[in-house]
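Student: This is the structure I have questions about; it appears just below.
The values are calculated or read from the model by the stated rules, or taken from the named source; none is laboratory data. Quantities reported herein were computed from a predicted structural model and do not represent experimental measurements. Positions of Cβ are backbone-derived with ideal geometry, glycine not excepted, and every protein chain shown enters the neighbour counts. Please note that ligands, DNA and RNA were not included when accessible areas were found on the heavy atoms of the full protein model with its side chains. Shrake-Rupley method; radii C 1.70, N 1.55, O 1.52, S 1.80 Å.
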Amino acid sequence: MAFETELLDCSPESIEKAAELIKHGEVVGMPTETVYGLAANAYDNEAVAKIFKAKGRPADNPLIVHISGLSQLGGIVSEIPQLALSCAKAFWSGPLTMILPKHPDIPYITSGGLDTVGVRMPSHPAAKALIEKSGVPLAAPSANLSGSPSPTTAAHVMADMRSRIPAVIDGGECEAGVESTVIAFGQNSIRILRPGRITREMLLTVCPDVEIDSGVLHEVDNSRPVASPGMKYKHYSPAADVIIVSGSAEQFLYYVKNNLTDDTLCLIFDESDLGDLDIPHILLGHSGEQQAHNLFAALRDADKLGAKTVFARCPERTGVGLAVYNRLIRAAGFKVVEL
Ligand code: TXA
Ligand code: MG
């Protein structure tokens, strides 16, 4: 079915309208503080199936369930370890997803066939209001077509989802710009399956043992089981060929000058990175926070500008920079030039 996709604002009337769509088993584009999501009733098999269809998402890649209050947790997970409660207290509402044992009421289509489920409580007021008005937890993956960069504006969602879903709520530019940090729990330890705005350093304030899964920085072996199905798939890829160039600003400039073609675009931290070279470029900014905020829009813009090759400066691998690096290496298909 082709929809005339409606762009809604964040007024109470619009949220009410979106909530009615959710109650009728439809899918709505929802702003969050990380990226936009494609939201539907997490308990409704048919509604969740529509999410997978709209995105073209593989059925074994599970969805995150979004809640607006801790009271909803009991109907989503079957067990809440003490450490999870401490994380919820410290970081919810906010960009943290916890993988926990699934409650039998959550259908397997939502959990991608797994006995665990990812849960998070978003802080964006429109997301909170939509969950509350809908009266159910909302399953929501990022609102991009599978494999494309995640959407950080309503216009990005429209570009990917026009005619595939009935409505998108425009909540402005997403603050974080990268998806939530995804964590799993050991006995008394935390494993980061996907880095995000809640950093390893922040998690260490709650638990002394925080490990980064090898799939975060390295290509996973597709013949072996992975900690998080999302690690298996090519991600965040613009049409352009992305190459990460790791080294100082001087080394970056030297590399770009020697490998330049007519369709090259650079992702840089600062105007000075390109010296006197006058070529298409997009600024990511200096801090990990700025780079995270700008990255996905930059990847989409690179395609719009017709770039065939993108040379990207290599982000720091600490703090929020780790999340930026994790998304960028996937966009680059793990092509990193070390100088
Ligand atoms: O910030 C976010 O998390 C955004 C907004 C919309 O909330 N959502 C998002 O969803 O990024 P998605 O579906 O694009 O990414 C969810 C990631 C995937 O890599 C998936 O494999 C992983 O979380 N995941 C979900 N449930 C899991 C589970 N039970 N076990 C392991 N990994 C899981
Ligand atoms: Mg995604």
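Student: All but one of (1) closer than 12 Å to Val242 by Cα; (2) open to solvent by 50 Å² or more (accessible area, probe 1.4 Å); (3) in contact with a Pro (Cβ under 9 Å, 6 or more places away or on another chain) hold for Leu305, so report the exception by its number.
Tutor: (1)
Student: If you don't mind, another one. For segment 139-157, what are the residues that are in a helix (DSSP H, G or I) and either within 11 Å of ligand 1 (Cβ to nearest atom) or surrounded by 19 or more Cβ atoms within 10 Å (Cβ to Cβ) (or both)?
Tutor: To start, the set of residues in segment 139-157 that are in a helix (DSSP H, G or I) comprises 154-157.
Residues satisfying the conditions are Ala154, His156, Val157.
Student: Then there's this: For segment 223-254, which positions are open to solvent by 80 Å² or more (accessible area, probe 1.4 Å) and more than 14 Å from ligand 1 (Cβ to nearest atom)?
Tutor: Keep residues of segment 223-254 that are open to solvent by 80 Å² or more (accessible area, probe 1.4 Å), which gives 223-225, 234, 239, 250, 254.
Matches in segment 223-254: Ser223, Arg224, Ala239, Glu250, Tyr254.
Student: Taking the criterion of being out of contact with any Leu (no Cβ under 8 Å at 6 or more places or on another chain), away from ligand 1 (no atom under 16 Å from the Cβ) and not in a loop (DSSP other than H, G, I, E, B), would at least one residue in segment 91-105 satisfy it?
Tutor: no
Student: In addition: Can you confirm whether Ser123 is touching a Gly at 6+ places or on another chain (Cβ under 7 Å), in the same structural domain as Val65 (by TED's automatic domain parsing) and open to solvent by 30 Å² or more (accessible area, probe 1.4 Å)? Talk me through it step by step, then tell me what you get.
Tutor: Details: touching a Gly at 6+ places or on another chain (Cβ under 7 Å): yes; in the same structural domain as Val65 (by TED's automatic domain parsing): yes; open to solvent by 30 Å² or more (accessible area, probe 1.4 Å): yes.
Taking the combined requirement at face value, the residue satisfies it.
Student: Please work out if Arg164 is within 15 Å of Val324 (Cα to Cα), out of contact with any strand residue (DSSP E or B) (no Cβ under 6 Å at 6 or more places or on another chain) and of a type outside the set (S, T, N, Q). First the steps, then the outcome.
Tutor: Numbers: within 15 Å of Val324 (Cα to Cα): no; out of contact with any strand residue (DSSP E or B) (no Cβ under 6 Å at 6 or more places or on another chain): yes; of a type outside the set (S, T, N, Q): yes.
Answer is no for this residue.
Student: Can Leu114 be described as over 24 Å from Leu8 (Cβ atoms), assigned to a loop (DSSP other than H, G, I, E, B) and open to solvent by 30 Å² or more (accessible area, probe 1.4 Å)? Can you show your working first?
Tutor: Working: over 24 Å from Leu8 (Cβ atoms): yes; assigned to a loop (DSSP other than H, G, I, E, B): yes; open to solvent by 30 Å² or more (accessible area, probe 1.4 Å): yes.
The answer is yes for Leu114.
Student: Kindly provide the set of residues from segment 75-91 that are surrounded by fewer than 19 Cβ atoms within 10 Å (Cβ to Cβ) and closer than 21 Å to Tyr43 by Cβ, ordered by number.
Tutor: Scanning segment 75-91 gives Gly75, Ser78, Glu79, Ile80.
Student: Residue pairs, Cβ under 9 Å, 6 or more apart or interchain, first in segment 27-40 and in the same structural domain as Pro122 (by TED's automatic domain parsing) and farther than 16 Å from Ser14 by Cβ, second open to solvent by less than 10 Å² (accessible area, probe 1.4 Å) and among the aromatic types (Phe, Trp, Tyr). List them.
Tutor: Going by the 9 Å Cβ cut-off, the qualifying pairs are Val35/Phe296.
Student: When you go through (1) within 11 Å of ligand 1 (Cβ to nearest atom); (2) open to solvent by 50 Å² or more (accessible area, probe 1.4 Å); (3) polar (S, T, N, Q) one by one for Ser71, which number turns out not to apply?
Tutor: (1)
Student: Follow-up question, since we're still on this one. In segment 52-75, is there at least one residue being under 22 Å from Pro229 (Cβ atoms) and hydroxyl-bearing (Ser, Thr, Tyr)? I'd like the intermediate steps shown before the answer.
Tutor: Filtering segment 52-75 down to residues under 22 Å from Pro229 (Cβ atoms) leaves 52-67.
This time we only want the ones that are hydroxyl-bearing (Ser, Thr, Tyr), so: none.
Checked against the condition, which is being under 22 Å from Pro229 (Cβ atoms) and hydroxyl-bearing (Ser, Thr, Tyr), segment 52-75 yields no hits at all.
Student: Suppose we filter segment 11-42 for residues that are within 16 Å of ligand 1 (Cβ to nearest atom) and in contact with a helix residue (DSSP H, G or I) (Cβ under 9 Å, 6 or more places away or on another chain); how many remain?
Tutor: Initially, segment 11-42 is screened for residues within 16 Å of ligand 1 (Cβ to nearest atom), giving 18, 22, 27-42.
The next check asks that each one be in contact with a helix residue (DSSP H, G or I) (Cβ under 9 Å, 6 or more places away or on another chain); those that pass are 18, 22, 27-33, 35-42.
Total meeting the criteria: 17.
Student: I would also like to ask the following. I'm trying to understand the selection: among the residues of segment 263-297, which are in a loop (DSSP other than H, G, I, E, B) and either over 30 Å from Glu173 (Cα atoms) or of a type in the set (Phe, Trp, Tyr) (or both)? Show your work before the answer.
Tutor: First, the residues of segment 263-297 that are in a loop (DSSP other than H, G, I, E, B): 263, 269-270, 275-280, 284-287.
Phe269, Gly275, Asp276, Leu277, listed by residue number.
Student: So, one more: Mind checking which pairs have a first residue in segment 59-76 that is in a loop (DSSP other than H, G, I, E, B) and a second that is within 11 Å of ligand 1 (Cβ to nearest atom) and at pLDDT below 95, Cβ under 7 Å, 6 or more apart or different chains?
Tutor: Sorted first by the residue in segment 59-76, then by its partner, the pairs are Asp60/Pro229; Asn61/Pro229; Asn61/Gly230; Asn61/Tyr233; Pro62/Pro229.
Student: Out of the residues in segment 27-46 meeting the condition of being surrounded by fewer than 24 Cβ atoms within 10 Å (Cβ to Cβ) and under 22 Å from Glu4 (Cα atoms), tell me which one is nearest to ligand 2 (Cβ to nearest atom).
Tutor: Kept after step one, since they are surrounded by fewer than 24 Cβ atoms within 10 Å (Cβ to Cβ), are these residues of segment 27-46: 33, 41, 43-46.
After this cut, where a residue has to be under 22 Å from Glu4 (Cα atoms) as well, the list is 41, 46.
Numbers: Asn41: 19, Glu46: 22 Å.
This residue is Asn41.
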